[in-house]
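The values are calculated or read from the model by the stated rules, or taken from the named source; none is laboratory data. Every value quoted in this text rests on a predicted model; they were computed, and no experiment measured them. For neighbour counting, all protein chains shown are included, and Cβ atoms are generated from backbone atoms with ideal geometry for every residue, glycine included.
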Amino acid sequence: MWAEYVDPGEPGAVKWWHMVREGDGNVAMCGKEMGDGVERRSDREWGNTAEPSCHTCGAMYLREVPYRAAA
């Protein structure tokens, strides 16, 4: 998960969380180019953040990632 900030280019309040595939550089699954120095979190936090997650990234992520039991 990569952060998209309310004020682009300035770390601070997170506007959305996006998913970025390994090997896709800094391009989110929705096609948005993400900044290099943005906050990143584990994909296990998807849907469990105070800030919203990108709907398009979420739809694609859920289709590509096998079910994981809660740990």
Out of curiosity, is Trp46 surrounded by 13 or more Cβ atoms within 10 Å (Cβ to Cβ) and touching a Pro at 6+ places or on another chain (Cβ under 7 Å)?
no
Among the residues of the stretch 53-71, the number that are out of contact with any strand residue (DSSP E or B) (no Cβ under 6 Å at 6 or more places or on another chain) and part of a loop (DSSP other than H, G, I, E, B) is 7
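Under the condition of being among the aliphatic types (A, V, I, L, M) and part of a loop (DSSP other than H, G, I, E, B), which residue from the stretch 5-32 is surrounded by the fewest Cβ atoms within 10 Å (Cβ to Cβ)?
The residue in question is Ala13.
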Suppose we filter Gly47, Gly58 for residues that are within 11 Å of the chain's Cα centre (by Cα) and modelled with pLDDT under 90; which single one remains?
Gly47
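Regarding the stretch 23-30, can at least one residue be identified that is in contact (Cβ under 8 Å) with a residue 24 or more places away in the chain, touching a Pro at 6+ places or on another chain (Cβ under 7 Å) and under 24 Å from Arg63 (Cβ atoms)?
no
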Looking at the stretch 33-43, which of the residues that are more than 16 Å from Thr56 (Cα to Cα) and within 10 Å of the chain's Cα centre (by Cα) is surrounded by the fewest Cβ atoms within 10 Å (Cβ to Cβ)?
Ser42
Please enumerate the residues belonging to the stretch 1-26 that are over 15 Å from Thr49 (Cβ atoms) and under 10 Å from the mean Cα position of the chain (by Cα).
Val20, Arg21
